Amino acid sequence: GNMREMLKQKGLAKNTIFIYCTDNGSPRSYAGGVYNAGMQGGKGSSYEGGHRVPCFIHWPDGNLTGGRDIAQLSAHLDILPTLVDLCQLQTSQNLQTDGVSLKPILEGKIGNLGDRVLVESFRSVVMTKQWRLVNGKELYDMQADPGQKKNIAAAHPDILERLNTKLAEVNKK
């Protein structure tokens, strides 16, 4: 609130891209509990409650105002390509990033980023829109079980193998 008020007082609020997000899951509240919307795990764990975070982007001059939910698999690595795209910046031709621009989603021009696979190698988590592989051996169907209550790895060895292959590829880099 203080930052937004300062931007307003200096006449910068309309043409400043304001991004708010937290890091690595639901923090402990001052009362000592954690609210994580029924997700398994807390801050820093490999489960959804340990890494899912809110992210708000506000930019009045860029028509990014009002609330809307983006139901896409995205991550911190998408921030740079999104800012480059929003600001129409030129980058070196050899710039490589694992992220994608969220601009078309934010502007409502497309509704789906496709079948992305995101890998968080530090905690050995592989994510797709439907699946979460945790620690190379636990598999959850996020559409049927967003709370990650039932490990269904034994029933889907093909998906387990495919996602473990992605994890191994990233760990080789």
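The values are calculated or read from the model by the stated rules, or taken from the named source; none is laboratory data. Small disclaimer: the values here were computed from a predicted structure and weren't measured. Here the Cβ positions follow ideal geometry from the backbone for every residue, glycine too, while neighbour counts run over all protein chains shown. Ligands, DNA and RNA are stripped out before the accessible areas are found, and what is left, the full protein with its side chains, is counted by its heavy atoms. Shrake-Rupley method; radii C 1.70, N 1.55, O 1.52, S 1.80 Å.
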| field | Candidates Lys43, Lys8 - the one that is open to solvent by 80 Å² or more (accessible area, probe 1.4 Å) and at pLDDT 80 or above | value | Lys8
| Applying the selection to the stretch 90-106, what residues are open to solvent by 100 Å² or more (accessible area, probe 1.4 Å) and farther than 25 Å from Lys173 by Cβ? | Gln90
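Residue-wise test of (1) at pLDDT 90 or above; (2) out of contact with any Cys (no Cβ under 9 Å at 6 or more places or on another chain); (3) closer than 25 Å to Gln148 by Cβ; (4) among the acidic types (Asp, Glu).
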| site | (1), (2), (3), (4) |
| --- | --- |
| Cys21 | no, no, yes, no |
| Ala37 | no, yes, yes, no |
| His51 | no, yes, yes, no |
| Trp59 | yes, yes, no, no |
| Leu86 | yes, yes, no, no |
| Asn94 | no, yes, no, no |
| query | So which pairs qualify, if the first residue must be in the stretch 152-170 and closer than 12 Å to Met127 by Cα, the second must be in a helix (DSSP H, G or I) and at pLDDT 95 or above, the Cβ gap must be under 6 Å, and the two must be at least 6 apart or on different chains? | reply | Leu160/Ala153
| query | Is it fair to say Lys109 is touching a Leu at 6+ places or on another chain (Cβ under 9 Å) and of a type outside the set (Val, Ile, Thr)? | reply | no
| query | How many residues does the stretch 71-89 contain that are free of Cβ contacts under 8 Å to residues at least 40 places away in the same chain and open to solvent by 70 Å² or more (accessible area, probe 1.4 Å)? | reply | 4
| Test: residue in the stretch 97-108 that is touching a helix residue (DSSP H, G or I) at 6+ places or on another chain (Cβ under 8 Å) and polar (S, T, N, Q) | yes
| field | Top-ranked residue in the stretch 109-159 [being open to solvent by less than 50 Å² (accessible area, probe 1.4 Å) and β-branched (Val, Ile, Thr); ranked as farthest from Leu64 (Cα to Cα)] | value | Ile152
| helices (runs of 4 or more DSSP H) wholly inside the stretch 47-148 that include at least 3 residues being out of contact with any strand residue (DSSP E or B) (no Cβ under 9 Å at 6 or more places or on another chain) | 79-86, 103-106
| query | Of the residues in the stretch 160-173, how many are open to solvent by 20 Å² or more (accessible area, probe 1.4 Å) and hydrophobic (A, V, I, L, M, F, W, C)? | reply | 3
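So that you can scan it fast, the table gives a plain yes or no per residue for (1) at pLDDT below 95; (2) touching a Pro at 6+ places or on another chain (Cβ under 9 Å); (3) more than 18 Å from Gln40 (Cβ to Cβ):
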position	(1), (2), (3)
Leu113	yes, yes, yes
Asp141	no, no, no
Ala154	no, no, yes
Pro157	no, no, yes
Val170	yes, no, yes
